[in-house]
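What follows is a set of notes on a single structure, which appears directly below.
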Amino acid sequence: MGETRYSFLHSFIMEIVPLIPGYQEVQISSEDPVVCSQTALSSAEKLAWCEINWDSDRGLATIRNTSLAAILVDGAILEVSEALDIESGIEIVSGPKLEGYLSYTFQVIFTEEPDSRNLKISLDVELAKCSICLNIWHDVVTVSPCFHNFCNGCFSEWLRRASCRPHIKPKDIACPQCRAVVHSVGRNHFLHNIEEAILQTFSSLKRPAEEVQLLDSHASIKSNLVLGSEKKTSRKRPLSLSDDDINGIDVPCPQCGTELAGFRCNRNTLHLQCHGCGGMMPSRPDIGMPQHCLGCDRAFCGAYWVAQGLDASEFGVICPHETFKPVVEHSILRIPDSAHNNNRYERDVTEKCIQHTGKTFQAVISEWIMKFVKKEIDRSRLQLNHAEMISERTHLCRGCYDKLVDYLLYWFRVSLPCHLLPPDALVREDCWYGSSCRTQHHSDEHARKRNHVCRPTRGSINP
């Protein structure tokens with residue numbers, strides 16, 4: 001297998017799949033976008049009733065009603081000759097109502113197929129192997145500046161053993177493959193996608209579950225870890241960095257060369273790079289002060305330096321305390337723009353509901369945080385890491401706190417008595433897909449006319 005090269009051609013298939021068993025699915029191509037299928041449950045006759053075309057520039061499909069009557073698209077009425085952007089997973093009814101007409105689910109299935117004629121990405125599987133365990137990467141991490149790749153668990157164990165040697169400094173830790181000095185190491189999300197594509201295509205390369213579990217138990221690299229650099233230190237504060245940007249940039253650590261709160265970095269001290277300001281701090285998981293946001297696992301320095309007695313206004317390379325603090329210490333004055341899946345109509349309804357209670361927005365959120373802490377709310381659908389571990393004292397970054405607020409606002413609305421809703425909101429019918437509806441993002445009329453802060457009755461059930 002070492003000399004064999006594989007290529008993956010990214011393609012896709014569009015189709016509509018009937019929700020009732022026994023009826024035939026219909027595949028759609030760019031050459032023949034017309035959908036010809038059964039429409040009425042009472043007749044086996046096949047009719048051409050819509051066209052579906054793919055727009056590769058926008059990554060969306062467009063459906064046009066070519067029948068003699070209206071059809072339903074994701075709960076919205078699409079009149080004759082009208083067109084609407086659609087995404088994979090929405091429901092299409094081949095008539096103006098549910099009763100008597102066939103319902104289909106629109107699907108776009110992306111595939112990665114071996115193809116020797118149309119090469120898009122050429123991969124040598126041997127180059128996708130960790131040189132420590134000699135298997136396909138698992139949770140791949142990349143070291144710089146040599147850019148060799150390893151399993152997170154394998155490199156973490158290598159790093160742990162190297163750090164235990166008294167004569168080895170962090171800046172002297174070598175790459176296991178080429179022996180070049182490692183300046184930094186971080187998770188590589190792009191290669192992680194390739195890793196998954198390889199294992200999906202060649203299932204024989206998958207490891208036993210027990211081995212994967214052992215690797216995960218060794219993995220300690222959650223955010224970009226800076227070990228050393230040959231660059232001279234600079235006291236210039238960098239701009240806020242993305243995951244891809246934080247890679248070996250040298251920013252001073254206030255405890256390197258200066259003792260603060262009884263601690264001073266030594267030659268064996270590992271450092272973390274803050275996701276917020278790009279500044280450096282020593283990695284000290286044993287002191288009981290969080291250095292990673294529990295919601296996203298990224299490193300943030302604000303809480304650590306406050307505990308060490310530093311003031312962000314006096315030292316230019318640390319984050320202010322407001323960027324990373326316990327849930328109960330966060331404050332919020334208005335509904336985030338991201339609330340209710342960026343549906344401004346639902347945000348307006350929620351704002352009126354909160355005003356009707358006579359309480360401030362902060363007071364309402366504080367009440368629902370306590371409901372969350374007491375586990376009166378289902379946490380399983382909260383889109384944060386370690387959701388079951390979050391309490392009122394958990395440190396979260398601002399982004400993850402806003403996500404928590406979004407989630408609490410959903411539960412505030414679905415639990416609200418009807419008499420507290422504005423009159424214009426009371427007359428709206430619930431969208432079939434509730435908060436998971438995709439049409440609300442590209443159809444203002446649908447977003448306004450239907451209630452989307454409700455539990456879905458079809459499709460995905462995530463709020």
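The values are calculated or read from the model by the stated rules, or taken from the named source; none is laboratory data. Everything numeric in this text was worked out from a predicted model, so none of it was measured. Positions of Cβ are backbone-derived with ideal geometry, glycine not excepted, and every protein chain shown enters the neighbour counts. Note: accessible area is taken over every heavy atom of the protein model, side chains too, but ligands, DNA and RNA are not part of it. Shrake-Rupley method; radii C 1.70, N 1.55, O 1.52, S 1.80 Å.
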* Matching residues, region 197-215, being open to solvent by 80 Å² or more (accessible area, probe 1.4 Å) and modelled with pLDDT of 85 or more -> Lys206, Glu210, Gln213, Leu214
* Asked: Restricted to region 109-146, and to residues that are over 30 Å from Asp74 (Cα atoms), of a type in the set (A, V, I, L, M) and open to solvent by 60 Å² or more (accessible area, probe 1.4 Å), which residue is modelled with the lowest pLDDT?
  -> Leu119
* **Extreme residue, nearest to the chain's Cα centre (by Cα), among residues of region 342-391 that are modelled with pLDDT under 90 and within 13 Å of Asp402 (Cβ to Cβ)** => Gln383
* Structure fact -> Considering region 81-108, residues that are of a type in the set (A, V, I, L, M, F, W, C), within 21 Å of Arg450 (Cα to Cα) and assigned to a loop (DSSP other than H, G, I, E, B), and then whichever is most open to solvent (accessible area, probe 1.4 Å), we arrive at Leu98
* To do: Quickly run through region 421-436 and pick out the residues that are open to solvent by 20 Å² or more (accessible area, probe 1.4 Å) and of a type in the set (A, V, I, L, M, F, W, C).
  => Leu421, Leu426, Val427, Trp432
* Restricting attention to region 390-438, which residues are farther than 19 Å from Lys374 by Cα, among the basic types (Lys, Arg) and in contact (Cβ under 8 Å) with a residue 60 or more places away in the chain? -> Arg398, Arg438
* Structure fact -> Of the residues in region 6-23, those that are over 23 Å from His441 (Cβ atoms) and modelled with pLDDT under 85 come to Tyr6, Ser7, Phe8, Leu9, His10, Ser11, Ile13, Ile20, Pro21, Gly22, Tyr23
* For region 402-412, state whether one or more residues are closer than 30 Å to Cys293 by Cα and among the hydroxyl-bearing types (Ser, Thr, Tyr). => yes
* Residue check, Val364 against (1) touching a helix residue (DSSP H, G or I) at 6+ places or on another chain (Cβ under 6 Å); (2) surrounded by fewer than 16 Cβ atoms within 10 Å (Cβ to Cβ), all met but one. Which one? -> (2)
* Is there any pair linking a residue in region 181-199 that is more than 14 Å from Cys130 (Cα to Cα) to one that is open to solvent by 30 Å² or more (accessible area, probe 1.4 Å) and of a type in the set (Gly, Ala, Ser), with Cβ under 6 Å and at least six apart or on different chains, and which? -> His183/Ser229
* Structure fact -> Of the residues in region 61-71 that are within 16 Å of His442 (Cα to Cα) and open to solvent by less than 20 Å² (accessible area, probe 1.4 Å), the one that is farthest from the chain's Cα centre (by Cα) is Ile63
* To do: Take Ser283 and decide whether it is open to solvent by 40 Å² or more (accessible area, probe 1.4 Å) and at pLDDT 85 or above.
  => yes
* Filtered residues of region 371-420 (kept if among the aliphatic types (A, V, I, L, M) and open to solvent by less than 20 Å² (accessible area, probe 1.4 Å)) -> Ile377, Leu382, Leu384, Ala387, Ile390, Leu396, Leu404, Val405, Leu408, Leu409
* Residues located in region 399-421, provided they are at pLDDT below 90 and either touching a helix residue (DSSP H, G or I) at 6+ places or on another chain (Cβ under 6 Å) or assigned to a loop (DSSP other than H, G, I, E, B) (or both) -> Leu416, Pro417, Leu420, Leu421
* So Asp32, is it at pLDDT below 90 and surrounded by fewer than 14 Cβ atoms within 10 Å (Cβ to Cβ) -> yes
* Check off (1) more than 30 Å from His442 (Cβ to Cβ); (2) open to solvent by 80 Å² or more (accessible area, probe 1.4 Å) for Ala307 and give me the number that stays unchecked. => (2)
